[in-house]
């Protein structure tokens, strides 16, 4: 099935490109809730390594109401205002990890309604937040770890190419 990454009103194309690449690498579904601060054909997306945008399982929604109307399951809301540390919930395959826009995060009314599932990445005092693409990677890989990296290749292999010597 795979995890679901939800971006609510993303503003920075490079972040969305990096997150899409992470979704591709993990078999996760990417959900984008409009409006977006950029066009999908933005050149900055391609610079983030997204020449395979067409291979992603990506779904678009006009707004949060549209998103929640079309999806159901367990939702976790990443926010600097969360009461749970991101590694405390028990994530299941198919859960939704919801992230807000870079400048303001998720709407506080949404967080108030779901505060028991508001998760936070610990940071040193005085910091506002981590970069959105880094936050997605941190939380997603914890959820994947808890599910034993289901359907992911866990071991790489050497190519056998001869290159310069390292001594």
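From the set of residues in region 123-134 that are within 21 Å of residue 15 (Cβ to Cβ) and in a loop (DSSP other than H, G, I, E, B), which is modelled with the lowest pLDDT?
Among residues in region 123-134 that are within 21 Å of residue 15 (Cβ to Cβ) and in a loop (DSSP other than H, G, I, E, B), the one modelled with the lowest pLDDT is 128.
Hey, residue 76 hits all of (1) surrounded by 14 or more Cβ atoms within 10 Å (Cβ to Cβ); (2) assigned to a loop (DSSP other than H, G, I, E, B) but one; which does it fall short on?
Unmet condition: (2).
Got a sec? Which of 39, 20 is part of a helix (DSSP H, G or I) and either modelled with pLDDT under 95 or under 23 Å from residue 153 (Cβ atoms) (or both)?
That would be 20, the only listed residue that is part of a helix (DSSP H, G or I) and either modelled with pLDDT under 95 or under 23 Å from residue 153 (Cβ atoms) (or both).
What pairs can you find where one residue is in region 148-159 and in contact (Cβ under 8 Å) with a residue 40 or more places away in the chain and at negative phi, the other is part of a loop (DSSP other than H, G, I, E, B) and surrounded by 10 or more Cβ atoms within 10 Å (Cβ to Cβ), and their Cβ atoms are less than 8 Å apart, with a gap of 6+ or different chains?
Cβ pairs passing all conditions: 150/93; 152/27.
Which of (1) under 15 Å from residue 10 (Cα atoms); (2) at pLDDT 95 or above; (3) surrounded by 15 or more Cβ atoms within 10 Å (Cβ to Cβ) is the odd one out, the single condition residue 58 does not satisfy?
Exception for residue 58: condition (2).
Which residue, of 97, 111, is surrounded by 13 or more Cβ atoms within 10 Å (Cβ to Cβ) and either closer than 23 Å to residue 21 by Cα or touching a helix residue (DSSP H, G or I) at 6+ places or on another chain (Cβ under 8 Å) (or both)?
Working: 111 fails: either closer than 23 Å to residue 21 by Cα or touching a helix residue (DSSP H, G or I) at 6+ places or on another chain (Cβ under 8 Å) (or both).
Exactly one of 97, 111 is surrounded by 13 or more Cβ atoms within 10 Å (Cβ to Cβ) and either closer than 23 Å to residue 21 by Cα or touching a helix residue (DSSP H, G or I) at 6+ places or on another chain (Cβ under 8 Å) (or both), namely 97.
Exactly one condition in (1) assigned to a helix (DSSP H, G or I); (2) buried (at least 18 other Cβ atoms within 10 Å of the Cβ); (3) modelled with pLDDT under 95 is false for residue 50; which is it?
If we test residue 50 against (1) assigned to a helix (DSSP H, G or I); (2) buried (at least 18 other Cβ atoms within 10 Å of the Cβ); (3) modelled with pLDDT under 95, just (1) comes out false.
In region 143-153, how many are surrounded by fewer than 19 Cβ atoms within 10 Å (Cβ to Cβ) and either outside any loop (DSSP other than H, G, I, E, B) or in contact with a helix residue (DSSP H, G or I) (Cβ under 7 Å, 6 or more places away or on another chain) (or both)?
So the count comes out to 3.
Identify, please: which residue in region 102-111 is in a helix (DSSP H, G or I) and touching a strand residue (DSSP E or B) at 6+ places or on another chain (Cβ under 9 Å) and is, among those, farthest from residue 34 (Cα to Cα)? Lay out the reasoning, then the answer.
First, the residues of region 102-111 that are in a helix (DSSP H, G or I): 108-111.
From the residues that got through so far, the ones that are touching a strand residue (DSSP E or B) at 6+ places or on another chain (Cβ under 9 Å) too are 110-111.
On the way: 110: 16, 111: 18 Å.
Among those that are in a helix (DSSP H, G or I) and touching a strand residue (DSSP E or B) at 6+ places or on another chain (Cβ under 9 Å), it is 111.
The values are calculated or read from the model by the stated rules, or taken from the named source; none is laboratory data. Every value quoted in this text rests on a predicted model; they were computed, and no experiment measured them. Here Cβ is always computed from backbone atoms with ideal geometry, including for glycine, and neighbour counts include all displayed protein chains.
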